[in-house]
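One structure is given here, and the rest of the page talks about it.
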Amino acid sequence: MVWRPDTPECNESGKIVWELVPYTRGRGLDLGCGPSKGFPHFIGVDNYKDTQLFDISMKPDVVVDTCERLPMFGSAAFDFVFSSHLLEHIEDYKSALKEWWRLIKPNGYMVLYLPHKDFYPNVGKKGANPDHKHDFTPQDIVDAMLSIGGWDLARNEDRNEGSEYSFFQVYKKRTDGKHLYSHKAEKPKKTAAIVRYGAFGDLIQASSILPGLKAQGYHITLYATPRGWDVVKHDPHIDAVILQDTDQVPNEQLSVFWEHEAKKFDKFINLSESVEGTWLALPGRSNHKWPINLRRKYLNGNYFEFAHDLAGVPMPPQPKFYATDEEKAWARKERKSWGGEKVVLFALSGSSVHKVWPHMDGFFARLLLRNEEMRIVTVGDDMSQMLEMGWESEPRVIRKAGKYTIRETLALLDVADIVVGPETGVLNAAGHMPMPKIIFLSHSSPDNLTKYWVNTRAMEPQTHCFPCHQMHYGFEHCNKDQKTGVAQCQADISLDMVWDAYKELMEA
């Protein structure tokens, strides 16, 4: 549109707020933020001039005389700098751009939203903002940026639909001095987006639908958190990724964000709460308080089947972790360093209180007594290190909790003779691999989780609340075994049950 006197002019950044998400992770500035920052995590910087001109009340995080010089901030201190409808107020705008560029880390972003010369009253014309010093076209900013540093112009768009009368640019900082224009790249003809913000196992499960989507001809964009992305970043079926930090988009605004993003794709597959919230009841939701027999009746769907149906991708499931050649070579070398004839890869715990098996020590003792050449490799996060205590003097127990990255851990699956553990990302990644597996089920049933796994023995406790089909963030809704201090369902998976499964798998 072309600006009219009745066009809304307040909160300009709100008009493009969802477009900011891919470029404003981490720590960054909102220069000239006015009364409302783009997102809560932005550091708002302003000089209160709009309060003087238009009596607009505001409370920026940092007050400055001018945004043209920002000596209080160090060079390369920020992941992004965002500015909406500010640059046209600054006389020496080229110096301002240079100063803003100084603040950005390599591979960080400068995001600009400016009134377009062709859509907004020019300086001195009727209706023009009396404080404007310049009228810009997108090319004016590109020309100014040519002498400032290396960059890739990732977005360069006229924005004149609805109440907009502006243009939007995103510059990604390069260190080689080159100027690239990736916004001009040819757009894919058939596009699909997958939203999955979960942890390691959630992304491994989500990977199951990727080959089917690719076979249907889709260019695939994944929306994920950095933590989840780590396990699928080398999956050849993923063409693009949009990373979001935790709460970068506040939870209460996610549905609006998703609705906005869905319009950009031919197919939009939202796997958030495809397991948790659907088949695993969340605290506070009505189904979390259903009688247990009702949860078992209605929440026993298979996680893979649901994801495939949601995506319109036929079964069977095809989840896979893709290790790089370097990671595979590292895993073989690491395996050789352990010695021994057989390796048990034991995942110590998962992300919730009900994902710890308390009879681990007895199992280890039986393994080592039965076979002196056995090697047991324990993996998990830093917190899992306490579960390794007591085995410090046993060289055949190779304690690696908190030592391996998740990708290193998953790369080791290829060199393990058997994988044992609770419902974790490690077991999810191993589920469709050929080696034997023993999994300690907790809130999921075999129909939920292991229905399509291969060479697997799922340990089902005879606990009155198993399977509960509930998410747990503590023991408020989870029965605790008073003797061991862990979830009752895990305590009720006896050592003999696991030992019998081990012998069946390894000695058949």
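Every read-out reported here was derived from the displayed coordinates using simple, explicitly stated rules and does not represent laboratory data. Since this is a predicted model, take the numbers as computed values, not measurements. Here the Cβ is made from the backbone with ideal geometry for all residues, glycine too, and neighbour counts use every protein chain on show.
Observations, loosely collected:
- DSSP bridge pairs, the chain: antiparallel proportion in percent, nearest 5: 25
- Spatial offset of segment 127-177 relative to segment 301-316 amounts to 43 Å, using the alpha carbon center of each.
- All aspartates and glutamates inside 15 Å of K105 as judged from Cα atoms, apart from same-chain residues fewer than 8 positions distant: D79, D152, D176
- As a length-normalised measure over Cα pairs under 8 Å and 6 or more apart, the relative contact order of segment 12-184 settles at 19 percent.
- The peptide list 492-498, 284-290, put in order of mean Cβ contacts within 10 Å with the highest first, becomes 492-498, 284-290.
- Under a 5 Å amide H cut-off, with hydrogens placed 1.01 Å from N, Q470 pairs with A281 among residues at least 5 apart or on other chains.
- Longest to shortest principal axis, alpha-carbon extents of segment 191-311, angstrom: 43, 31, 26
- Distance between modelled label sites at K94 and K480, nm, 7 Å Cα→Cβ extension: 6.7
- Cross-linked pairs K173/K333; K264/K297; K94/K264; K190/K333; K190/K233; K289/K503: Cα-Cα separations exceed 31 Å for K173/K333; K264/K297; K94/K264; K190/K333; K289/K503.
- Cα centroid separation, segment 493-507 to segment 218-264 (Å): 40
- Taking GluC sites (Glu not before Pro) across segment 352-450, the ones in a DSSP loop with at most 11 further Cβ atoms lying within 10 angstrom of their Cβ are E372, E373, E392.
- When F466, F168 are arranged by Cβ crowding within 10 Å, least crowded first, meaning fewest neighbours, the order is F168, F466.
- Nonlocal amide H pairs with F136, under 5 Å, H built at 1.01 Å: K117
- Taking other C-beta atoms within 10 Å as the exposure proxy, W229, W357 rank W229, W357 from fewest upward.
- Principal axis dimensions, segment 12-184 - Cα atoms, whole angstrom, descending: 43, 33, 29
- Axis angle, to the nearest 10 degrees, between helix 495-506 and the longest C-alpha principal axis of the chain: 90 degrees.
- Euclidean distance between Cα centres, segment 72-104 to segment 423-437, Å: 49
- Normalised by 2.2 N^0.38 Å, where N is the number of residues, the C-alpha radius of gyration of the chain stands at 1.17.
- The spread of Cα positions in segment 325-506, taken along each principal axis and listed from longest to shortest, comes to 44, 35, 31 Å.
- Residue-averaged [θ]222 nm for the chain, counting only DSSP H segments that reach four residues, each worth -39500 (n - 2.57): -6500 deg cm²/dmol
- Compared with the dominant Cα axis of the chain, that is its longest principal axis, helix 325-338 is turned about 40°.
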